[in-house]
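Computed from the coordinates by the stated procedures, all read-outs in this text should not be read as laboratory data. Source: prediction; values computed, not measured. So basically every Cβ, Gly included, is an ideal-geometry build from the backbone, and we count neighbours across all protein chains shown.
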Amino acid sequence: QALHAEIAGIKFDDIFLNASGVHCQTTAELDELLATKGTGAIITKSATSAYRAGNPSPRLSKIPLGSINSMGLPNEGLDYYLDYVTTKQADKPMLLSVAGVSYTENLDILHKVQDSSFMGITELNLSCPNVPGKPQTAYDFETTERLLTEVFAFFTKPLGVKMPPYFDIVHFDDMAKILNKFPLAHVNTINSIGNGLWINEDTDTVVIKPKGGFGGIGGALAKPTALANVRAFRQRLNPTIKMIGTGGVVNGRDVYEHILCGADLVSVGTQLQFEGPSMFARLEQELLAIMAEKGYTSVDDFRGQLKIIE
Ligand code: RRO
């Protein structure tokens, strides 16, 4: 199998999945992703304890070379997604993304997952940039360590974390040290680049309504930051912690570069949003063509093998 991966003993027959938040809020969307050629797994929209309508629209906009969003965590509530991942008959792993809007909500949610029959991988989203008045947990290093300490005192199922981009080498060092203290299944990096601003040239107006136009940036614009974060964490994390690379994937070359930086799985948000699920078969074809040209028969042949200038 050329595009295989394994996280927490769970085998993936393909390396692609949706980025949480895109095409995964409803069971109909999740069903469609499960049936899509090229996905090796699917992940749910980040769930809060109860249903949330999210921020007012427009809350997502295409911009040149990417997207800006301030969705505000619209989701159907934990029970809805927990029911889906525990009852759906699927031939691909289903990851459950969760995101409390407070410290204690994160603990409450994970207690509920722990007490459920779900045995798959849960991903704790520590990096939602769009809930007004709620800072991203993962930009507060002390709170992140305290939360993970409290979580791993009771949570025994496979758990990964979704991280925001970092922009300083000391932050890579310090956060990797924290993450290495815990038996994490995976680290997924990056979430959108928080609180960018896009202005419509014709009207001098912002393009999304929430937060005066500020929103998370995704798509091609995010690729250099995404690759840096995948690379930096792969160089620092225990080898037992697998990596999901997210950010800036538009074509097979982008996927190839995520793997060169150390990604085990690659997830796609902005491009999936605008191209739709048939994108996955295209990315797979493009990646396999690059691998064939280079004589690689498996992602194992080049994962993490980025060359630097000596
Ligand atoms: O729902 C959102 O506004 C959102 C979330 Br939870 C997230 O983690 N990342 C993002 O770009 N948007």
When every residue in region 60-79 that is farther than 17 Å from residue 26 by Cβ and not small (Gly, Ala, Ser) is compared, the one nearest to the ligand (Cβ to nearest atom) is 69
Of the residues in region 137-177, those that are β-branched (Val, Ile, Thr), closer than 15 Å to residue 234 by Cα and touching a Leu at 6+ places or on another chain (Cβ under 7 Å) number 1
When restricted to 3, 82, the only residue assigned to a loop (DSSP other than H, G, I, E, B) and away from the ligand (no atom under 13 Å from the Cβ) is 3
Picked from region 166-194 (must be within 24 Å of residue 63 (Cα to Cα) and in contact with a helix residue (DSSP H, G or I) (Cβ under 8 Å, 6 or more places away or on another chain)), the residue surrounded by the fewest Cβ atoms within 10 Å (Cβ to Cβ) is 167
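Which one of these is aliphatic (A, V, I, L, M) and in a loop (DSSP other than H, G, I, E, B): 217, 208?
Values: 217 fails: in a loop (DSSP other than H, G, I, E, B).
After ruling out the rest, the residue left standing is 208.
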So, first residue more than 25 Å from residue 196 (Cα to Cα) in region 127-150, second residue of a type in the set (A, V, I, L, M, F, W, C), Cβ within less than 6 Å, six or more apart or across chains; the pairs are 145/178; 148/182
Restricted to region 264-299 and to residues being over 19 Å from the mean Cα position of the chain (by Cα) and closer than 27 Å to residue 165 by Cβ, the residue surrounded by the most Cβ atoms within 10 Å (Cβ to Cβ) is 287
Restricting attention to region 260-283, the residues that are acidic (Asp, Glu) and within 27 Å of residue 237 (Cα to Cα) number exactly 1
Given the conditions (1) in contact with a Ser or Thr (Cβ under 9 Å, 6 or more places away or on another chain); (2) surrounded by 22 or more Cβ atoms within 10 Å (Cβ to Cβ), every one holds for residue 261 apart from (1)
The correct count of residues that are more than 17 Å from residue 269 (Cα to Cα), touching a helix residue (DSSP H, G or I) at 6+ places or on another chain (Cβ under 7 Å) and surrounded by fewer than 19 Cβ atoms within 10 Å (Cβ to Cβ) in region 50-76 is 1
Across region 18-47, the tally of residues that are in a helix (DSSP H, G or I) and more than 16 Å from the ligand (Cβ to nearest atom) stands at 7
